[in-house]
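Visitor: Here it is, the structure in full.
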Amino acid sequence: MSLLLLCSSLIIYLERLTSLRALETKTIEYAQERFMSAERSVLECEENITKVSALMENHCFIQSVGKGLWLISSKEKPSIHLHVLVDEKLGVITRLNWRQAFE
């Protein structure tokens, strides 16, 4: 009798573990999709930083932090922050660094 109870509790445990694995996989996929979406929006803003007014939809916050230095932040979650250097004479945009902001 106790062996039967042990086997049934093991089956219940394995079912719970399987459902948690499926939930974990879906959560990881969702987080990756959101991160890639935020990166695409920040990349679009970075590429068009010299012509911000030409963007149809602005999915980022853009602010000047110095001479030729700009901070670009995504509006979506997860939030991605970039520092870029814009050389207006050469028309070159250089990404200095980036980070993901955790809240």
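Visitor: Among PHE35, PHE61, what's the order by accessible area (1.4 angstrom probe), most exposed first? Kindly include the intermediate steps, with their values, before the conclusion.
Guide: On the way: PHE35 60, PHE61 115 Å².
Per-residue accessible area, sorted high to low, gives PHE61, PHE35.
Visitor: If you roll a 1.4 angstrom probe over the protein chains with everything in place, what fraction of the accessible area of the chain belongs to carbon and sulfur, to the nearest %?
Guide: Whole-percent figure for carbon plus sulfur exposure: 62.
Visitor: Residue by residue, what Karplus-based ³J(HN,Hα) values in Hz, rounded to whole numbers, does the stretch 82-99 have, using 6.51, -1.76 and 1.60 with θ = phi - 60° and x for Gly and Pro?
Guide: For the stretch 82-99, the Karplus-derived couplings read 10, 10, 10, 10, 10, 9, 5, 5, 8, x, 9, 10, 10, 7, 7, 7, 8, 8 Hz, x marking Gly and Pro.
Visitor: Here's a follow-up. For the chain, what does the helix formula give at 222 nm: sum of -39500 (n - 2.57) over DSSP H segments with n ≥ 4, over the residue count, nearest 500 deg cm²/dmol?
Guide: So the calculated ellipticity at 222 nm is -16500 deg cm²/dmol.
Visitor: Now, a different point. With the radius of gyration and the Kirkwood radius both derived from the Cα set of the chain, what is their ratio Rg to Rh?
Guide: A ratio of 1.38.
Visitor: Here is a follow-up. On the principal axes of its Cα set, how long, how wide and how thick is the stretch 1-61? Give whole Å, largest value first.
Guide: 75, 14, 13 Å, listed from the longest principal axis down.
Visitor: So how do TRP98, TRP70 rank on accessible area, 1.4 Å probe, biggest first, that is with the largest at the start?
Guide: Largest to smallest exposure gives the sequence TRP98, TRP70.
Visitor: Moving to a separate point now. TYR30: accessible area at probe 1.4 Å, nearest 10 Å²?
Guide: Accessible surface of TYR30 is approximately 130 Å².
The values are calculated or read from the model by the stated rules, or taken from the named source; none is laboratory data. Note that the coordinates shown come from a computational prediction; the quantities given were computed from them, not determined experimentally. The protein model used for the area step is the full one, side chains on, heavy atoms only, and it has no ligands, DNA or RNA in it. Shrake-Rupley method; radii C 1.70, N 1.55, O 1.52, S 1.80 Å.
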